[in-house]
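Every number in this text was worked out from the coordinates using simple rules, so none of it is lab data. All values derive from a computational prediction rather than experimental measurement. Cβ coordinates were reconstructed from backbone atoms using ideal geometry, including for glycine residues, and neighbour counts include every protein chain displayed.
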Amino acid sequence: MLQLPEFQSTQYDILKKFSKNSKIAGIIFILLGLIGIFFPAVISITSAIFFGWILLFSGFMAGYHTFYTNKSDWMGWLKTFVLIFVGALTIIKPFPGVATLGIFFAFYFAMDSFSSFALAFASKGLPQRWMIFLNGFISAVLSFLMIADWPFSSLIYVGLFIGISLFMDGVILLTISKTINKLDQEG
């Protein structure tokens with residue numbers, strides 16, 4: 001029988017509550033991830049449209065704020081106009097939004113590669129150092145792939161990367177749920 005130390009019992013209670021819904025969320029994430037893996041263009045366009053709605057909503061909120069705080073604030077109205085315009089444009093024509101997300105991903109992977117290599121060089125003597133180098137190499141390759149055929153590659157890579165991420169999140173949620181349930185049965 002597994003006995004948890006006193007200071008961990010609160011954390012265990014939190015994890016047990018988390019476990020209740022993580023199975024359902026995990027399955028949904030896995031299904032969305034599989035859609036992204038097998039139909040990456042669908043997830044890429046959906047992500048761009050979702051991002052467009054966030055911008056549109058942000059524009060309306062900025063306008064509301066400007067209207068009720070300082071109606072003569074031209075910078076507030078400019079921000080409102082830009083957010084609404086870019087949001088509406090992204091919803092109506094999602095492909096430029098997908099290309100923008102693609103360049104953001106390329107930049108992210110380039111920075112991740114740089115930081116991984118820097119960490120690996122600073123981690124002399126660490127047995128798992130090769131894993132840090134591997135992460136840096138993979139991130140560099142992903143960045144290169146995104147940039148090499150940008151913006152056309154964005155339609156595939158954005159959805160694929162989001163799909164893989166969602167799939168892995170779902171697997172992790174199911175694993176956590178299974179582990180917590182196992183601890184609960186043993187305890």
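Which value, in debye to the nearest 20, gives the size of the charge dipole of the chain about its Cα centre, when Lys and Arg are +1 and Asp and Glu are -1 at the Cβ? Display every interim value, and only then the final one.
Working: 11 positive and 8 negative charges, 19 e Å.
For the chain, the charge dipole is close to 100 debye.
With a Förster radius of 45 Å, plug the Cβ-Cβ distance of Ile28 and Ile138 into 1/(1 + (r/R0)^6) and report the FRET value to the nearest 0.05. Numbers along the way, then the final one.
Values: r = 27 Å, r/R0 = 0.60.
FRET efficiency, Ile28 to Ile138: 0.95.
What angle, in degrees between 0 and 90 and rounded to the nearest 10, separates the Cα long axis of helix 6-38 from the longest principal axis of the Cα atoms of the chain?
60
For Phe133, what charge total do you get from the other residues with a beta carbon under 14 Å from its beta carbon, if Lys and Arg give +1 and Asp and Glu give -1? Can you show the working numbers first?
Values: positive: Lys124, Arg129; negative: Asp112.
That works out to +1.
Pull out the extension gain between Asn181 and His65, defined as 0.36 nm times the separation in residues minus the alpha carbon to alpha carbon distance; nm, one decimal. Don't skip to the answer; put the middle values down first.
Values: separation 116, 0.36 × 116 = 41.76 nm, distance 4.69 nm.
Answer, rounded to one decimal: 37.1 nm.
For region 38-180, max minus min Cα coordinate along each principal axis, in Å, sorted largest first?
Ordered largest first, region 38-180 gives principal extents of 61, 43, 36 Å.
Loop only per DSSP, at most 10 neighbouring Cβ atoms within 10 Å: give me the trypsin sites (Lys or Arg not before Pro) in region 71-125, ordered by residue number.
Details: sites: Lys71, Lys79, Lys124; in loops: Lys71, Lys124.
Counting only loop positions with at most 10 other Cβ atoms within 10 Å, the trypsin sites (Lys or Arg not before Pro) in region 71-125 are Lys71, Lys124.
Over the Cα atoms, compute the radius of gyration (one decimal) and Dmax (the largest Cα-Cα distance, rounded to a whole number) for region 17-76, in Å.
18.8, 51
Relative to the first principal axis of the alpha-carbon coordinates of the chain, what is the inclination of helix 74-92, with its axis defined by its Cα atoms, in degrees from 0 to 90 and to the nearest 10?
70
Just the Cα atoms of region 60-107: what Rg and Dmax do they give in Å?
Radius of gyration, then largest Cα-Cα span, for region 60-107: 13.9, 40 Å.
Hey, what angle do you get for helix 40-69 against the long axis of the chain, alpha-carbon based, 0 to 90 degrees rounded to 10?
That works out to roughly 60 degrees.
Which ³J(HN,Hα) values, rounded to whole Hz and listed in residue order, are derived for region 132-140 from phi using the Karplus coefficients 6.51, -1.76 and 1.60 in 6.51 cos²θ - 1.76 cosθ + 1.60 with θ = phi - 60°, glycine and proline given as x?
Result, ordered by residue: 5, 4, 4, 4, x, 5, 4, 5, 5 Hz.
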